[in-house]
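These notes are about the structure you will find just below.
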Amino acid sequence: MRVLVIEDNLGIQANIADFLEPDCVLDFAYNGDHGLELALANDYDVIVLDLMLPRRDGIGLCRAYRSEANLQAPILMLTARDTLEDKEVGFAAGADDYLTKPFALRELKIRIDALAKRPKIKNASSLNCGDLTFDPADNIVSLGSSSKPLNNKEGLILRLLMEAAPNAISGETISYRIWGEEPPNSGALRTHIYNLRKILSSLKTRCEIETDRSRGYRLKERSFDE
């Protein structure tokens, strides 16, 4: 397992190296610019990213990596900021998991192992489902000449549904990608799904979000006889 650790605290770097080196091939970067350079030049299984970095902070690095990398590794963000709002910003920028400082090295390893099992995301300038096109860079969904802007959460949900289609993706997986381990309430995801359904309906697309009570949600194109 190859892991990139982007962390400016040399003491934390040393502790991570001592704990992970028996099981991982590790690369380290001290600042955000060098971290992004390594992340784009190499194929990593997981990227461990500190939020506060010299030259380029973790949020900016995360956004740039998600925009520029062709094959994208999961990102575990490290930070002393532990409010729900801080986590929302991190997940919206493209983080896959969030670990607050101080942390146990064993927990870090558990989270890295879990993230490494996820399939890497292929970056695409656009995603399609039937007659529907989604631009993940600008969060715009369109059908022909008609288009609608999405907010960050709606865009992430649609991207996950399109990447999984025609298979279903669980509500728990979607919630985790948006809010991590602390979703605001049980109805928050349903509200975003409802709003996204209204937007798709306004475009008069044949693609619709179907609820599978045992598996979650799927994006499905209705046949012409429906």
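Rolling a 1.4 Å probe over the heavy atoms of the protein chains gives the chain an accessible area of 51 Å² per residue.
Can you give the convex hull volume per residue for the Cα atoms of the stretch 28-110, as a whole number of Å³?
Value for the stretch 28-110: 90 Å³ per residue.
Seen from a random direction on average, the alpha-carbon convex hull of the stretch 126-226 projects onto 6.4 square nanometres. Taking a straight line from the alpha carbon of residue 198, these aspartates and glutamates sit under 17 Å away, with near neighbours fewer than eight places off in the same chain left out: 131, 154, 208, 210, 221. Separation of the alpha carbons by more than 20 angstrom is noted, of 109/153; 87/220; 120/220; 87/153, for 109/153; 87/220; 120/220. For the chain, the mean residue ellipticity at 222 nm estimated from helices alone is -12500 deg cm²/dmol, where every DSSP H run of n ≥ 4 contributes -39500 (n - 2.57) and the total is divided by all residues, rounded to the nearest 500. Estimated at 0.36 nm per residue, the fully extended path between residue 190 and residue 140 surpasses their Cα-Cα distance by 15.9 nm.
The portion of the accessible surface of the chain made up by carbon and sulfur, rounded to a whole percent, is 47 (1.4 Å probe; DNA, RNA and ligands excluded). Averaging 1/r across all pairs of distinct Cα atoms in the stretch 56-95 and inverting the result yields a Kirkwood radius of 10.5 Å. Suppose the Debye formula is applied to equal point scatterers at every Cα of the chain; what is log10 I(q)/I(0) at q = 0.15, 0.17 Å⁻¹? Taken in order of the listed q values, log10 I(q)/I(0) reads -0.99, -1.20. The label-point distance for residue 117 and residue 34, in a model that sets each label 7 Å from Cα toward Cβ, rounds to 3.4 nm. Highest mean packing comes first when the peptides 209-218, 101-110 are listed by Cβ atoms within 10 Å, giving 209-218, 101-110. Each peptide in 4-15, 154-165 gets a packing score, the mean of other Cβ atoms within 10 Å over its residues, and the list from highest to lowest is 154-165, 4-15.
The aspartates and glutamates whose alpha-carbon is closer than 13 Å to the alpha-carbon of residue 101, local same-chain residues fewer than 8 away aside, are 7, 50, 82.
The values are calculated or read from the model by the stated rules, or taken from the named source; none is laboratory data. Just so it is clear, the model here is predicted, and its values are computed rather than measured. Please note: Cβ atoms are built from the backbone with ideal geometry, for glycine as well, and neighbour counts cover all protein chains shown. Surface accessibility is based on the protein's heavy atoms, side chains included, excluding ligands, DNA and RNA. Shrake-Rupley method; radii C 1.70, N 1.55, O 1.52, S 1.80 Å.
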